[in-house]
Amino acid sequence: MSEDTAAAGFARLLRELKDRSGHSYGTLAKRLHMSTSTLHRYCNGDVVPTDYAPVERLARLCKASPEELVALHRSWVLADTDRSRKGGGSGAKAQAGAAPVAAEPRAAEVEPEPTAQTPTGTGMPPADATVPSDRPSPKERRRLRRAVLAGIAVAAVTGAVALTASLAGQHADARDSPVGAASAAQGEGARTQGSTASAAPSADPSAASPSDSAPAADGAGAGPGTAGTGAAATPSPAGRGDDPAPGTPVKVTTQPYTWEAPCGQHYLIDKPPAQVGPPPVERDAPAWVAASGAVSAGEQYVTLTLQGSGKDTVVLDSLTVRTAGKRTPLAWNDYAMGYPGVGCGSGVPTRSFTVALDAARPAVVPEAGQPDFPFKVSESEPEVFHIRAGASAYDVSWYLELSWSSGSRHGTLEIDHNGKPFRTSGRKGRPGHEFPLGGDGWVKAGTTSR
């Protein structure tokens, strides 16, 4: 799909939702907290948003169905990927086309030093002195220039010969050493588990793998970083995740603080209400959580976008939950994100799964009527998974393991939050607080008139 087609298709879906809502650009923009011109550019296809959050809020405001939400997210992923590829491609092309050119020495760099007959600091010769010529003749300058260039050429040839000899020696050492030693020397064994038959080795020695042994299912004390940390990472504010480790044909963008519905989202914070800011909109939740030291309470809604990183189709075989620790629920204050008296609801989007974190062996279970693994993804056909993890009896640290296969290659990709486990705590019996619409502070839950 070309960039124009992807961007145009995404804009078409936005226009259909906008037209069906019956609202003007100005009305929608005001409710979305953005400028009218920005929303107009999104719907016209002039600009592809770098963050999906405002797109989803627009879709929900226009009462998009779960199927339309999935189609819109997939369309945005394709348009954003094509835009990123275009930006990176032009830079790569410019670099590939730039050939190194040896700079020609300037005349001043090869001129002789001033003669001793010139008095220091005056710049003028003695009155009775014979002034010699400071500058060589054109013929001498050409001769000096040839000599400098010849020296540069000799140095370059010498360096190339030395490099060739060094590489030959390294290859000989690799042939004579054990297989494991050769892999370590080449920087193989990135951060995915399993075998990758045809994966190219990494050139970065710092990418050497930690232990390949997976933690136990109840894994107390084991967590990301101790057993093959995966390449999935929380996106930057722009909404994009990191590229996977070399040889991994699937990349994952993780959004750990999405909301199934604002009314149902709670956070535990070890601060009194006077020190906690008002509830954020969903797109600002990651920054709000970080600033407040908040922990998801009762439920955590994690959205995963999975996409092939090459032309080959990748089969997503399974998604497994790993617990890194279970503790007593946090004895902190409970803060609700929804405004009392303001209705908010949501349907169950496709590709939705639940995880009961209190279970002895938590599992990823599809919602009723939803498909289960395996799934297939490619560069042009991404998938979006919605994981709703619930906890009531424990404070749970957890992460996910994605098993994938592509042709003769297969492996396991660990999915976490910036190298750390997700964390979800029960909230029963904790002091609850809500923020009245139009109010100026948190109040005790249930005291606001409804």
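The values are calculated or read from the model by the stated rules, or taken from the named source; none is laboratory data. Just so it is clear, the structure is predicted and the values come from calculations on it, not from any experiment. A quick note on method: Cβ atoms are made from the backbone with ideal geometry, for glycine too, and the neighbour counts reach across all protein chains shown. The protein model used for the area step is the full one, side chains on, heavy atoms only, and it has no ligands, DNA or RNA in it. Shrake-Rupley method; radii C 1.70, N 1.55, O 1.52, S 1.80 Å.
List every residue pair whose Cβ atoms lie under 8 Å apart, where the two residues are 6 or more positions apart in sequence or sit on different chains, the first residue falls within the stretch 45-59 and is open to solvent by 40 Å² or more (accessible area, probe 1.4 Å), and the second residue, located anywhere, is hydroxyl-bearing (Ser, Thr, Tyr).
Val47/Thr38
Residues that are closer than 24 Å to Val314 by Cβ and in contact (Cβ under 8 Å) with a residue 12 or more places away in the chain: does the stretch 423-432 have at least one?
no
Restricting the stretch 402-425 to residues that are under 12 Å from Pro256 (Cα atoms) and not β-branched (Val, Ile, Thr), which is surrounded by the fewest Cβ atoms within 10 Å (Cβ to Cβ)?
Taking the stretch 402-425 as the starting set, the residues that turn out to be under 12 Å from Pro256 (Cα atoms) are 415-418, 420-424.
Those left that are additionally not β-branched (Val, Ile, Thr): 416-418, 420-423.
Details: Asp416: 25, His417: 19, Asn418: 11, Lys420: 16, Pro421: 21, Phe422: 26, Arg423: 21.
Filtering the stretch 402-425 for residues that are under 12 Å from Pro256 (Cα atoms) and not β-branched (Val, Ile, Thr), the one surrounded by the fewest Cβ atoms within 10 Å (Cβ to Cβ) comes out as Asn418.
Being of a type outside the set (Ser, Thr, Tyr), surrounded by fewer than 20 Cβ atoms within 10 Å (Cβ to Cβ) and not in a strand (DSSP E or B) is the requirement here; does Pro371 meet it?
In short, yes.
Rundown of residues vs (1) open to solvent by 40 Å² or more (accessible area, probe 1.4 Å); (2) at pLDDT 60 or above; (3) more than 22 Å from the chain's Cα centre (by Cα), yes/no style:
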{"position": "Ala203", "(1), (2), (3)": "yes, no, no"}
{"position": "Gly223", "(1), (2), (3)": "no, no, no"}
{"position": "Gly247", "(1), (2), (3)": "no, yes, no"}
{"position": "Glu282", "(1), (2), (3)": "no, yes, no"}
{"position": "Ser292", "(1), (2), (3)": "no, yes, yes"}
{"position": "Ala297", "(1), (2), (3)": "no, yes, yes"}
{"position": "Leu306", "(1), (2), (3)": "no, yes, no"}
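Which one is nearest to His410 (Cα to Cα) among residues in the stretch 319-335 that are buried (at least 18 other Cβ atoms within 10 Å of the Cβ) and of a type in the set (A, V, I, L, M)?
Ranking the candidates gives Leu319 first.
Do we have Gly310 as open to solvent by less than 50 Å² (accessible area, probe 1.4 Å) and either farther than 30 Å from Lys271 by Cα or of a type in the set (S, T, N, Q) (or both) here? Before you say what the answer is, go through the steps one by one.
Details: open to solvent by less than 50 Å² (accessible area, probe 1.4 Å): yes; either farther than 30 Å from Lys271 by Cα or of a type in the set (S, T, N, Q) (or both): yes.
Against the criterion (open to solvent by less than 50 Å² (accessible area, probe 1.4 Å) and either farther than 30 Å from Lys271 by Cα or of a type in the set (S, T, N, Q) (or both)), Gly310 qualifies.
Identify all residues within the stretch 374-405 that are small (Gly, Ala, Ser), assigned to a strand (DSSP E or B) and over 16 Å from Pro329 (Cβ atoms); write none if there are none.
Those that are small (Gly, Ala, Ser), assigned to a strand (DSSP E or B) and over 16 Å from Pro329 (Cβ atoms): Ser403, Ser405.
Name every residue in the stretch 15-58 that is part of a helix (DSSP H, G or I), hydrophobic (A, V, I, L, M, F, W, C), out of contact with any Asp or Glu (no Cβ under 7 Å at 6 or more places or on another chain) and within 24 Å of Pro280 (Cα to Cα), in order of residue number.
Those that are part of a helix (DSSP H, G or I), hydrophobic (A, V, I, L, M, F, W, C), out of contact with any Asp or Glu (no Cβ under 7 Å at 6 or more places or on another chain) and within 24 Å of Pro280 (Cα to Cα): Leu28, Ala29, Leu32, Leu39, Val55, Leu58.
Mind checking which pairs have a first residue in the stretch 255-279 that is closer than 15 Å to Gly390 by Cβ and among the acidic types (Asp, Glu) and a second that is open to solvent by 10 Å² or more (accessible area, probe 1.4 Å) and in a strand (DSSP E or B), Cβ under 7 Å, 6 or more apart or different chains?
Between residues of the stretch 255-279 that are closer than 15 Å to Gly390 by Cβ and among the acidic types (Asp, Glu) and residues that are open to solvent by 10 Å² or more (accessible area, probe 1.4 Å) and in a strand (DSSP E or B), the close pairs are Glu260/Tyr301; Glu260/Arg388.
Somewhere in the stretch 375-398, is a residue open to solvent by 10 Å² or more (accessible area, probe 1.4 Å), over 20 Å from the mean Cα position of the chain (by Cα), farther than 26 Å from Trp76 by Cβ and at pLDDT below 90?
no
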